[in-house]
């Protein structure tokens, strides 16, 4: 029984951690292109979940089509936000961009609350309800699909930034916008592409969370802040690092909730990732997988 409980916590932690890493990847994509931190990442995730829910329940569109329409909507939303709100800030101080994303976070949260309210709305059952037996534990098929989807997306994005012309151009833009311009790279296009991809990735994370949680609510908007330990732990310049960091944080969170919370009355699960983050940064200031940067002044 103890081993079954351990394996169940481990599996749940891996799945949740994988989704954390997907949200963290949204942070990394923006950072790779703009060197700024998007504090509205959790709201992108929440918007994607609610849009897909609307398509499934209100318009009764099958899940696969709803999924694709949501991704298109997320891409357009990312492009629109970049064009209208963030493009005028090109060349501005990074703190200005970060503060604008904080304001954007509040706006998106308010719009969702006005339209949908604050109550949890059930998410339709998408995947087969019959669990799959893996060793001694039954595993929800939704968890397996979610894990597979995240692994696939992380692999695609890693290859994109390493080998695709647009991915390399985005990295060059983040490194130095003036040099990128001198090399013929359109900084405006790179910014637009990064926000679009980031919104799509976050929307996928929101949909996956909606399916495995069985419902969506305003708490999804706080997911962006919740995954900050993953972002810092994995490094702001490493998608693979964030994937590994997400798995670590997800497992740590579940083990803390399963073994320590019952002993102390709860609360450890929520703070355990931050405690681990502080301890790790004391010895690895750039995170476990981030690259050390040295600036000459």
- Task: Quick one: count up the residues across region 34-73 that are over 20 Å from residue 227 (Cα atoms), out of contact with any strand residue (DSSP E or B) (no Cβ under 7 Å at 6 or more places or on another chain) and in contact (Cβ under 8 Å) with a residue 40 or more places away in the chain.
- Result: 9
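Would you check which residues across region 100-121 are over 22 Å from residue 89 (Cα atoms) and assigned to a helix (DSSP H, G or I) and list them? Before the answer, list the steps.
Of all residues in region 100-121, those over 22 Å from residue 89 (Cα atoms) come to 109-121.
Result: 109, 110, 111, 112, 113, 114, 115, 116.
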- Item | When residues of region 122-159 are limited to those that are in contact with a strand residue (DSSP E or B) (Cβ under 7 Å, 6 or more places away or on another chain) and part of a loop (DSSP other than H, G, I, E, B), the one nearest to residue 4 (Cα to Cα) | 131
- Task: Please specify each residue of region 260-289 satisfying the condition of being more than 17 Å from residue 20 (Cβ to Cβ) and in contact (Cβ under 8 Å) with a residue 24 or more places away in the chain.
- Result: 281, 286
- For region 1-11, enumerate the residues that are under 12 Å from residue 252 (Cβ atoms) and crowded, with 18+ Cβ neighbours inside 10 Å. 9
- Item | Single residue of 68, 55, 39 found to be in a helix (DSSP H, G or I) and touching a helix residue (DSSP H, G or I) at 6+ places or on another chain (Cβ under 7 Å) | 55
- Query: Just checking, which of 209, 225, 193 is crowded, with 20+ Cβ neighbours inside 10 Å and under 19 Å from residue 18 (Cβ atoms)?
  - Reply: 209
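Please find, among 214, 205, 287, 267, the residue that is more than 17 Å from the chain's Cα centre (by Cα) and under 18 Å from residue 48 (Cα atoms). Spell out how you get there, then give the answer.
Details: 205 fails: more than 17 Å from the chain's Cα centre (by Cα); 287 fails: under 18 Å from residue 48 (Cα atoms); 267 fails: under 18 Å from residue 48 (Cα atoms).
After ruling out the rest, the residue left standing is 214.
Computed from the coordinates by the stated procedures, all read-outs in this text should not be read as laboratory data. From a predicted model like this one, the values you see are computed outputs, not experimental measurements. Counting neighbours? That spans all protein chains shown, and the Cβs are built from the backbone with ideal geometry, glycine included.
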